[in-house]
1. Are any residues in segment 97-122 at pLDDT below 95 and part of a loop (DSSP other than H, G, I, E, B), and if so, which ones?
2. What tally of residues in segment 142-154 results from selecting those that are crowded, with 20+ Cβ neighbours inside 10 Å and touching a helix residue (DSSP H, G or I) at 6+ places or on another chain (Cβ under 7 Å)?
3. For residues that are closer than 18 Å to residue 56 by Cβ and over 17 Å from the mean Cα position of the chain (by Cα), scanning just segment 117-129, find the one that is surrounded by the most Cβ atoms within 10 Å (Cβ to Cβ).
4. Considering each residue of segment 178-211, count those that are assigned to a helix (DSSP H, G or I) and buried (at least 19 other Cβ atoms within 10 Å of the Cβ), and give that number.
5. All but one of (1) under 11 Å from residue 52 (Cα atoms); (2) touching a residue at least 60 places away in the same chain (Cβ under 8 Å) hold for residue 108; which doesn't?
6. For segment 71-105, what are the residues that are in contact (Cβ under 8 Å) with a residue 40 or more places away in the chain and touching a strand residue (DSSP E or B) at 6+ places or on another chain (Cβ under 6 Å)?
7. Quick check, is residue 86 outside any loop (DSSP other than H, G, I, E, B) and more than 24 Å from residue 181 (Cα to Cα)?
């Protein structure tokens, strides 16, 4: 009994710094959970995989958001990624044998030297076609408007193209803009810097995705 108590004390002292870091450092906690989910995916399929830019990354652990299970999803989003770079994440996303791949991309293309062009559209089309051919269901969230209306027309035109691609490739469309940007201008409630989502926007987004999963639970 004394030996067991000593072991517990030593174990507690040794692991306390790790527990404290995970408890109070959101980024470290995110990396830890995503690493665990990755290795969990070596044992069994992960049904939900996210690819995209910084708004996708900002959702943190999507498994917890969607299913209250940190190992139910993988977040492969990367800050600053354009559509062609997001497409480059597909091989890893498909390696988990998911039922759903959630995509949000295009905002960073607006700020690139060439802007959104035919190459952007072609990359998105190839991405959706690859997902369909892998027997997963693509769920595309349309590009959100910004607090500034400078790029509103270009975002609108790109989103119309995305709708056409989704219809052709049998992908599901999620449009948050009627709520978060009803006049083509992102409402302050849903952003912290005019572009990136606030927790209120993530709460809305996760509920939309939960509804899609519930309705299309057997989609492959």
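1. Selection gives 111, 112, 113, 114, 115, 116, 117.
2. So the answer is 4.
3. Residues of segment 117-129 closer than 18 Å to residue 56 by Cβ: 120, 123-124, 127-128.
Imposing the further condition that a residue be over 17 Å from the mean Cα position of the chain (by Cα) reduces the set to 120, 123.
Values: 120: 21, 123: 19.
That would be 120.
4. Taking segment 178-211 and keeping what is assigned to a helix (DSSP H, G or I), we get 178-180, 188-190, 199-211.
Next, from what is left, pick out any that are buried (at least 19 other Cβ atoms within 10 Å of the Cβ): 180, 190, 201, 205, 209.
Going through segment 178-211 one residue at a time, the tally reaches 5.
5. Looking at each condition in turn, residue 108 falls short on (2).
6. Restricting attention to segment 71-105, the residues satisfying the condition of being in contact (Cβ under 8 Å) with a residue 40 or more places away in the chain are 74-75, 83, 86-87, 90, 93-105.
Result: 74, 75, 86, 93, 96, 98, 100, 101, 102, 103, 104, 105.
7. On the way: outside any loop (DSSP other than H, G, I, E, B): yes; more than 24 Å from residue 181 (Cα to Cα): yes.
Considered against the rule, which asks whether it is outside any loop (DSSP other than H, G, I, E, B) and more than 24 Å from residue 181 (Cα to Cα), residue 86 comes out as yes.
This table checks each residue for (1) surrounded by fewer than 20 Cβ atoms within 10 Å (Cβ to Cβ); (2) within 14 Å of the chain's Cα centre (by Cα); (3) at pLDDT 75 or above; (4) more than 28 Å from residue 144 (Cβ to Cβ).
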{"residue": "12", "(1), (2), (3), (4)": "yes, no, no, yes"}
{"residue": "19", "(1), (2), (3), (4)": "yes, no, no, yes"}
{"residue": "41", "(1), (2), (3), (4)": "yes, no, yes, yes"}
{"residue": "50", "(1), (2), (3), (4)": "no, yes, yes, no"}
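The values are calculated or read from the model by the stated rules, or taken from the named source; none is laboratory data. Everything numeric in this text was worked out from a predicted model, so none of it was measured. For neighbour counting, all protein chains shown are included, and Cβ atoms are generated from backbone atoms with ideal geometry for every residue, glycine included.
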